[in-house]
Structure formats: C-alpha cells, structure tokens
Amino acid sequence: MIARFLWLAGVASASIIASNASAQDAPQPAADNSESAEQATGRGEVIIVTARRRAETAQEVPLAISVIRGDSIEATGNFNVVKLQQLAPTLQVYTTNPRNTSVNIRGLGVPFGLTSDGFEQGVGIYVDDVYNSRVAAATFDFLDVAQVEVLRGPQGTLYGKNTTAGAINITTNQPTFDFEGRAELTVGNLNYKQAKAAISGPLSDTVAARIAVAATSRRGTLYNVTSQRWINEQDNLGIRGQLLFKPNDDFSITLSGDYSKQDPECCGTVFVRVGTTQRPITRQYDELVKAINANPNPAFPGRNYAVPSRNPYDRLTDLDSSLNAGNKIGGVSARIKWDVGPGTLTSVTAWRFWDWKPENDRDFTGLSIVSKSQNPSQQDQYSQEFRYNYESQKIDFVVGLFGFKQRIDTQGTEQQGADASRWSLTGANAGNPSILQGLTASNTQWLKSTSAALFGQLSWKVTDALTIQPGARLNYDKKSGFYQRIVTNGQGQAISCVTTPGNPLPPVLAAQCGVYQPQISAPSDSAWNFTYDFNVNYKIAQDILAYATYAKSFKTLGINQNGLPLNADNTVNFDAGTVKPESVNHYEIGLKTQFWNRRATFNLTAFRTEIKNFQATVNGGQFGTVRGYLANAEKVRSQGIEADFKVVVSDRFTAYANGAYTDAKYKKFTNAPCPPELSGGTLQPANQPADYSNAGVPNTLSPRACDISGDRLPGVSKWAFSYGAEYNIPVTLLDKDGQLYLGVDGNYRSHWNSNASPSIYTEVKGYALTNFRAGFRGEGFDIFGWVRNAFDVNYIENLQVAPGNTGLIAGQPGDPQTWGGTIKFSF
C-alpha cells in the first residue's frame, strides 16, 4: 500500500528536497524527491545514488546534496535553475538577463553582478555529464528532466571541470526499450502557456530513441509606457533527441542533441529609488531631470519628463531603447559506457554553442542618455572526459581525465543619446547636445580558454563502519583574450584621447574622452594547480552516519574582457588586465540520521570556506566600464549551518522543512570600489586615510577606494528556508480510481545586498512566498490547479546602480501572484 502511495503521490508531492541523494533509476516516481534511499528501500523500492559517480544508497554518501525530482519540479512550477532556488535554501540565483546570471551555492560561485567572459564558474552546471561553461544555461526551461542534484562544496576530485563552490548536476530521462510517452499542458493568467511532450521506445532490439519538446510563453510583468507593450516576457522553445545503442548489458553508446531558443522582449527595469551620492547636488538624478525639463532639447519638443511611477510595484517603466534577450543554446554529445572487469569506463565527448543577441537600456530611464547598448556573443566549447569507476569490497575509486576548449567572440556597441550632454557634462558643454549625441564605443573582443585535468577519488573501507576517502586533482588552465574599443563621434570620425605634456585635449574632445576612451588590450596567462580533499566518515549506527571533510581547491585565473577601468587621471589602468586565481580552504562536518522506522530523516551540515584572492565583479560608476570588471578581494569567508528534515507521517500526509544559515563576508577587501553613497565627488587626497564620514552628502570629497572588510557578500541571505506539506485521500471520480490532494510549499529569504560593494541604497528586503496546488491524480493522469505567490507578496529580485553616480537605483520586481491549471497524461 505504501509503494502504491509513493507512485500516486509522485507528480505533485510537496516533499521536494532530498538532502542526501539522487533518486535516479527508481522504477516508479517516489512520493517526493527528498525520499532517501533507506526510506525507499524500507518500502520495497530501490533508489540509486550516483552523486559520487557510482551506485550507492543515499544515507551512505558523505556529502551535502539536495535533489529535486523532475515530477516535483513540474508540480511546483520551478521550471529552470533560476526558479530552483525557491526549493533549495543554499542555492542563490540572480539574473538581470540570461547572460548576466549569478549561480552561487553558500554565497560562493561567480562574482555577483554583470558578467565577464574572463572568469570561470565556481558552480559547475552539468547536463547528462556535459559541462555547460556559461551560466546562461540556467535561464532555459528544464527539458525532459529526471532530476536535478545540487552538490554543496568543492567537487573538483569528482567532476571534470573544477568547481570550487559546488555543482548542479541535471539528469534527463533516457531512451527506453519499452514504449512510453507523456504530454503536459498548462495555462494560466498573464496569458501563460506551457506545453511539454516526450516519447520513447525501441527502434530495434539494440537501439532505442527518445525525443522531447517544450514550449513556454507568458506576457511580461512590466508595462512600458513608451512602447506601450508588456516587457520581460517569456518566449522559450526547446527540443532534445537521444539515440541509445546497447548491444549487450556491458556496453552502450548514447548520442544526444539539443537546441533551445529564447526570444523575449526583455530585460527591462523599473525606477526603485534615488540615493544621494557625493556629486554636487545639481549633478544628481532629480536635479538633472529638472535641468533637462528646464532646457528643452529640440529633439523632444514639449517634453516634461517624469518617471511613470516611483512605486516599483506599479510595474511601470518608460525605457526608450530597444530591448531584446535573444538567446540560443545547444549542442551534441556522445556518451560511451563500457563495463570492464570490476569497473566501468565512461567517455563523454561534447560540443556546445551559445549565441546571445541582446539589446539593453543601460541608463535605466526614458531619457536618451545611453541610446544603444548591446554586446552580442557567440561561443563554441569542446569537452572530452574519460572516467573509470572501480568497485570492490574494500576499495572503490574514480579516476578521470578532462579536456576543455572554448572560444567566445563579442561585438559590442554602446552609444550616447540626445540627452547625454545635459546628463553627463557641466557648464556650457551641458547645453550642447552634439558633443555626446552619437558618440559610439564599438568593441571587438575574443577569449580563448583551454583547460586540462587529471582527477580522482578513492574510498577505503577500513572497517564496516569506517571509510577514509582522499581525492586529488592536477589542473592546467590557459586564457588569452583580446579587447579593442574604437570610439567615434556623432559624425562617425574616430577620436583619440592620447595627450602629450603641455598639450591638453580640446574641451569637446576632453568631454568625449571622459565618457568613452579608445582601448586595446590583449591579456594572457596560464597556471598549474594541484588540489586535494580528504573525507572521513563513520557509521555510528545503522541509520546514523557522521562525516568530516577538508578540501583544498582553487578557481583558475581570470582576465578582464569588458574594458578596463580608468585611473584618477582618466588614463586606462592596464594593471587590472588579469586577476589572480582563488585559493580555497573548505571544512565541513555532517550528520545524517533516520528514525521512526525510517519515516523521518534529519540531516545536519556545518561548513566553513575561506578564499584568498576572491574574484569579485566591481563597477567604478564610469560609462566606459559600466559592464563591470574583475578584481581580487584579499580574503572572503563563508560559514554556516544547514538542516533538512522530512517526515512521512502516514500514507496520507507528508511534510518537509529545510533551512540554511549562511554568514558570508569579505574578511579583507581594502581596495574596493566605493558604494554610490561614497562616490561621485572630487577624489580625496592620495596617500591619506580614506574618510567615510560624508556618505551621501553632496559636493563632498570621495574616497579613492573603500575598505569594505567585514561587509557581507552581495546576493546572500543570512537566513533561508523552504517547506512543504501534502495531504491526500483516495477517491473514485468518473469511474477513475485516484487521489484528491492538497499541497502547499513556500520559501523565505532574509534581506541581502545587490551591489558588489554593499550600499545602503541596494539593500533588498527579505520576503516569504507561498504556493498552493490541488488536484486529482491516478494511473497515467494528473489534473491540478495551482496558485504561486498566493498572497501576492511584493518583492525585488535584484537592484542595479545606474552609471554616472547620479544616485538612480533601478530594479526588477519578482513575479506577482500567478494562477492556472495543468493536465498531464502518460502511458
């Protein structure tokens, strides 16, 4: 009876998080993805764990892992990695558009803010063993996904590409030799439509195929009064095909191909607030708007500018530049598995591409300040991994070779508009629109990245209870880049900002060079790194496992690819061309327990991660480096406690609660760019201690750099929780046996900061979201209604500081209340 409950409750169960293990090849869906292997085994169902690249039961894995089952993803509407953070408290995902997406675990991973191609992810994203090098993959719909594993902590001795903060391992449904299929249709408010279908079956006794498609569309959540259209919409399409050749039980080849595209009008912002900087008061946002209205521009006769609303939750914007987030990603792969003696040899060969065609409004207003901002990119990546898994009574090990090659080409254009002179210049120059109107920075850049690694991990079962597990990795990385910015004036003539002693630039040219400067750089660097980890785990009792881990890891060197910052004398700072590798020391202890006849699971983890030369994204407030650049913070520390609890009270009721306390700080960052309240004024004298006493006071001196040691890392909530519960009753409706069910799930995140140098103006308030669903399910069908953000909570997903130190803060509100219904059939 319990096994029948597990099957019937699978699709929409509220128990989403399996803190310990992946439930990969269970013959039927479990009640929820947090069902541990021991729980399932006690109910006659075997769940296979592959977190350590071999099959083992869940509670025996000495790692902190969260697993979200594919059916649970569908039931809760969390259909991509960005949404997934609502289910996994230790995961932080923030995005201003697909390219500028941060995926972090425990506050660590990629620098928060605008993305540079020149750094590596600290959180690796893998789909069927294939590494996805760009976090843009996080914004695409999950396509025929069986499960998603979130592995916390360094994973470099287990996975091909080095991952210092963790890994997101996505497994899709594989081809089957039994004919099967499924279809799903969802409709909701905001004109939401989502359709999914998959079919799988044999082509012969040794060949099977599977194909899956998915499409999602939804009206935008912000209304642009300028274009009179809704923006930040969803417009996604994906297809995946797989071919399996399995001549015998010991050998298989799986060929896969996928293609996904997005073409939404996205990604715009709304006015959130204005914070006072140290600029003269006449050069700050509100006064600049008054000056523009008091000095009409012939290009905009009769204009009296005002933002459509100063309440971000009115969801009104007036952006005047074209918006687009065209995004294509795809590739092919071949995975060969061959059982050789006591082990398995695996080869994964892959090619992937990414094509990004954006259009943005980088001044965040309806004024023509930055009239064009776009940086289309094209990426090709090739990867090859060989891995051998060996298992015996006393010794298990994994050893692997990994090679990776990547090239990214970017063609950037940023152009000043008709209001730029009044906004950015002073004196008589401010009244001459022609000085900056049409001033264009055309950027050409490329990045070549090569990586190779030898990695492995050994498990020595000293006794039936004690296991010692060392691992090691030898890694080589080489990066070379090229960046060239050509600046042309409104007449299309190239300008030069080179000066000679006694020959200053003419006023007009000096004003133009203060906004954009021609640049050329070609950084290149390489490094070898050796890292290792050591784990000891002890089975205190049959259902109690304790473990301790130390890992010495690294994140490879980085190069700045989006333009270099300017020195105080307005010259290019070439010293910022490269950034040092991160050096990581990670400590973790954990306890995994089950009790009440294995109906209850409680797992506890404590961790501390220290990083030297932390790679941070910073922004100096200059138009020429508005995309941000990389810099090293001397030391960062993240520490915390994570707890996961799940209980199956009866066949009718199940519940879970997961929580994380994360204390992530800059332990030492003495030369950081200053937040907006300490920016914009004349620079304080050199070689003197920085004075922070006039924060937010107009027309005062600004520090040349700020010491933000002790401040919290951006994007990290100190407290995060997720919870859920479901109750069901057996019924017969329309001659169909099944279950009526009611489920609730929710999450809470405490406040966090949305600027690399934390600012009082970019503090994001904490929020709690609650979702409900109710439906009827039975063999081969599931029909349910849902409401997400049921109480229509207003919350902000991210905040951005506008360039120019004017004090403008823009942002993107989170989704309002949404509701709809879903019908699913399978055979």
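Yes/no matrix, rows are residues, columns are (1) among the hydrophobic types (A, V, I, L, M, F, W, C); (2) touching a strand residue (DSSP E or B) at 6+ places or on another chain (Cβ under 6 Å); (3) open to solvent by 10 Å² or more (accessible area, probe 1.4 Å); (4) part of a strand (DSSP E or B):
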position	(1), (2), (3), (4)
Thr176	no, yes, yes, no
Leu190	yes, yes, yes, no
Asp205	no, no, yes, no
Ala209	yes, yes, yes, yes
Val213	yes, yes, yes, yes
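Kindly indicate the residue of the range 664-704 that is without any contact (Cβ under 8 Å) to a residue 60 or more places away in the chain and β-branched (Val, Ile, Thr) and also farthest from Ile281 (Cα to Cα) among those meeting that condition.
The extreme case among them is Thr670.
Based on what the data block shows, is Thr556 of a type in the set (S, T, N, Q) and either open to solvent by 50 Å² or more (accessible area, probe 1.4 Å) or outside the structural domain of Ile641 (by the TED database) (or both)?
Spelling it out, it is not the case that Thr556 is of a type in the set (S, T, N, Q) and either open to solvent by 50 Å² or more (accessible area, probe 1.4 Å) or outside the structural domain of Ile641 (by the TED database) (or both).
Quick one: would you say Tyr126 is in contact with a Ser or Thr (Cβ under 7 Å, 6 or more places away or on another chain), outside any loop (DSSP other than H, G, I, E, B) and among the aromatic types (Phe, Trp, Tyr)?
Criteria not met by Tyr126.
What is the one condition in (1) over 30 Å from the mean Cα position of the chain (by Cα); (2) more than 23 Å from Thr578 (Cα to Cα) that Arg473 does not satisfy?
With respect to (1) over 30 Å from the mean Cα position of the chain (by Cα); (2) more than 23 Å from Thr578 (Cα to Cα), Arg473 is out only on (1).
From the residues in the range 461-512 that are in contact (Cβ under 8 Å) with a residue 60 or more places away in the chain and among the aliphatic types (A, V, I, L, M), which one is most open to solvent (accessible area, probe 1.4 Å)?
Val508
Only one of these is surrounded by fewer than 22 Cβ atoms within 10 Å (Cβ to Cβ) and assigned by the TED database to the domain that holds Ile611: Ile708, Ile729. Name it.
Ile729
If you take the residues of the range 416-428 that are in a helix (DSSP H, G or I) and over 15 Å from Tyr516 (Cβ atoms), which of them is modelled with the highest pLDDT?
Arg422
Scanning the range 758-776 for residues that are under 30 Å from Gly181 (Cβ atoms) and free of Cβ contacts under 8 Å to residues at least 60 places away in the same chain, which turns out nearest to the chain's Cα centre (by Cα)?
Restricting to residues being under 30 Å from Gly181 (Cβ atoms) and free of Cβ contacts under 8 Å to residues at least 60 places away in the same chain, the top hit is Phe772.
So the check is Cβ under 6 Å with 6+ separation or different chains; which pairs have a first residue in the range 514-540 that's of a type in the set (Ser, Thr, Tyr) and a second one that's in a strand (DSSP E or B) and open to solvent by 20 Å² or more (accessible area, probe 1.4 Å)?
Ser524/Ser480; Ser526/Lys478; Thr531/Lys552; Tyr532/Ala472; Tyr532/Lys552; Tyr538/Leu466; Tyr538/Ala546
Considering (1) touching a Gly at 6+ places or on another chain (Cβ under 8 Å); (2) touching a residue at least 60 places away in the same chain (Cβ under 8 Å); (3) closer than 25 Å to Asn562 by Cα; (4) not polar (S, T, N, Q), say which one Val332 fails and leave the rest.
Status for Val332: all satisfied but (3).
Filter the range 286-296 for residues that are surrounded by 19 or more Cβ atoms within 10 Å (Cβ to Cβ) and in contact with a Ser or Thr (Cβ under 9 Å, 6 or more places away or on another chain) and give the result.
Selection gives Leu288, Val289.
Please verify whether Leu185 is buried (at least 20 other Cβ atoms within 10 Å of the Cβ) and of a type in the set (A, V, I, L, M), treating the condition exactly as stated.
no
Within the bounds of the range 786-796, is there any residue that is at negative phi, open to solvent by less than 10 Å² (accessible area, probe 1.4 Å) and assigned by the TED database to the domain that holds Ala197?
No, there is no match, as no residue in the range 786-796 is at negative phi, open to solvent by less than 10 Å² (accessible area, probe 1.4 Å) and assigned by the TED database to the domain that holds Ala197.
Touching a Leu at 6+ places or on another chain (Cβ under 9 Å) and either open to solvent by less than 10 Å² (accessible area, probe 1.4 Å) or under 20 Å from Tyr656 (Cα atoms) (or both): does that describe Pro89?
Taking the combined requirement at face value, the residue does not satisfy it.
I'd like to check something: does the range 259-271 contain any residue that is over 21 Å from the mean Cα position of the chain (by Cα), within 26 Å of Ala420 (Cα to Cα), crowded, with 17+ Cβ neighbours inside 10 Å and not assigned by the TED database to the domain that holds Gly77?
yes
Failed condition for Ala548, given (1) in contact with a Ser or Thr (Cβ under 9 Å, 6 or more places away or on another chain); (2) modelled with pLDDT of 90 or more; (3) on the phi < 0 side of the Ramachandran plot, with all others met?
In the conditions (1) in contact with a Ser or Thr (Cβ under 9 Å, 6 or more places away or on another chain); (2) modelled with pLDDT of 90 or more; (3) on the phi < 0 side of the Ramachandran plot, Ala548 misses (1) alone.
Can you tell me how many residues in the range 777-814 are over 30 Å from Gly181 (Cβ atoms) and either in contact with a strand residue (DSSP E or B) (Cβ under 7 Å, 6 or more places away or on another chain) or polar (S, T, N, Q) (or both)?
Final tally of qualifying residues: 23.
The values are calculated or read from the model by the stated rules, or taken from the named source; none is laboratory data. Remember, it's a predicted structure, so these values are computed and weren't measured experimentally. Reconstructed Cβ throughout: ideal geometry from the backbone, glycine too, with neighbour counts over all protein chains shown. Accessible surface is based on the protein model in full, side chains and every heavy atom, while ligands, DNA and RNA are left aside. Shrake-Rupley method; radii C 1.70, N 1.55, O 1.52, S 1.80 Å.
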